[in-house]
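A quick write-up on the structure given underneath.
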Amino acid sequence: LPLIDLLESMLFKNLAIISSKSKNPAISVELDNTDKRCTPINKLATQINETVSAIEDKANKVSEIKANIKTRMWNALKYQSQDILLLEKQANEQISKEMAVLDARLSRIKLIGQTVRNKINDLRLQTSNIDETIDRINDNLKYLGVTGFEIVKSNAPENNNFFMLSRGSNSSKEIFKSLSEGEKTLITFLYYIEQCNGSMSKDSEIPDSEKIIVIDDPISSLSQNYIYDIASLIQSKVIKGNRFKKVIILTHSLFFYHELLKLAPRNLDKFQAKYGLYLVSKNEYSQVSTLEPKELKNDYQSLWYILKDVVNSKTDPIILPNIMRNILEYYFGFVHRKDQLSDIINKLADNEPNQGFKSFYRYINRESHSDPTNIGFMMRVQPQIYLDRFRSVFVASDDVAHYECMMQ
């Protein structure tokens, strides 16, 4: 600042005068008076200090000022929105009153429902509800051509709400032991169907919409003659109408699998909306994969499917030679060329440079059930090595187009 520069020049001038006086004490000197020059600077310093004090005062009141601004802001918003807030408050109060009325009605309905359920249970204790069930099971037995036994009501007074098996005039607990495994499976299945479609106990019934129905291999010990009828019963009594939350059917039988599919909707969109098909592959761990309706067609095609599962590491390779042997038996037996197959395999075995794979050709040349002796030639190699030799059989018989088609 000019004032500071002027003050500095006066200071240096006074220092010089003092220095000359110290060198020559006899002389008389007079120093310049700096009071007048300091007055403007002191005034400026006072103004700066006042400004700083004002800023410090404001800094000390930041929290108070923020609170004041916040209060003024919300007051302004309230003033601008008070009509809308009043309407919202009135609407909420009205909704609360309506909800209270609905809650009261719901409580009354639940109380009435519980009273009705209790009354139904009391009536069930006084009446028998199995007559229609007995008639339906017996009708289904006749429909299936089973006339050797039937279901009758228990003749014990204390068990009048139960039923038992009967052969003509003979009704006893020993009859069940005289049934074949297929007949036991059949009567159990029909009983289970009735259980799915209604309560057969005195307890309150579970709604159909909450039931998950699981049917595990219902024709495993039945005659093939029953497969169509069992599939029809499942379709009409369990699947039809979408009454249940979910229906899960497990089976090892491709015949039964296809009978169920024949009864399903033909339209693909309707089928996919209602059905899901899955294949369980068991290796070190079980794997579940999805299926399309036409992926498994018959036993022969299922062998090719298993073959591809091995190639895709879904199934243990130990079964690979046996699957290949069965495929060759099916195919060349169907086209009546079994003798040619044997000649082709023997020729390939003779030309095979690897002794281990000579055993492979010998093995698949034996019919599946004609030789009970097992051989231990299986080595831990990549499935593709066996697949190449398997393909060579179809190449040698001019049937490679069939191989390529089935492996797609």
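Identify the residue in region 23-38 that is closer than 15 Å to Leu11 by Cα and in a helix (DSSP H, G or I) and, among all such residues, is modelled with the lowest pLDDT.
Selected residue: Arg37.
Answer yes or no as to whether Arg117 is in a helix (DSSP H, G or I) and surrounded by 11 or more Cβ atoms within 10 Å (Cβ to Cβ).
yes
Which numbered condition in (1) touching a Leu at 6+ places or on another chain (Cβ under 9 Å); (2) modelled with pLDDT under 85; (3) surrounded by 13 or more Cβ atoms within 10 Å (Cβ to Cβ) is the only one that Ile234 fails?
(2)
In region 327-342, is there at least one residue being under 16 Å from Tyr305 (Cα atoms), β-branched (Val, Ile, Thr) and modelled with pLDDT of 75 or more?
Yes, that holds for at least one residue.
Which one of Asn322, Asn326, Asn267 is outside the structural domain of Asn242 (by TED's automatic domain parsing) and out of contact with any Leu (no Cβ under 8 Å at 6 or more places or on another chain)?
The unique qualifying residue is Asn322.
The values are calculated or read from the model by the stated rules, or taken from the named source; none is laboratory data. Keep in mind the model is a prediction, meaning the values are calculated, not measured. With ideal geometry, Cβ positions are generated from the backbone for all residues, glycine too; neighbour counts draw on all protein chains shown.
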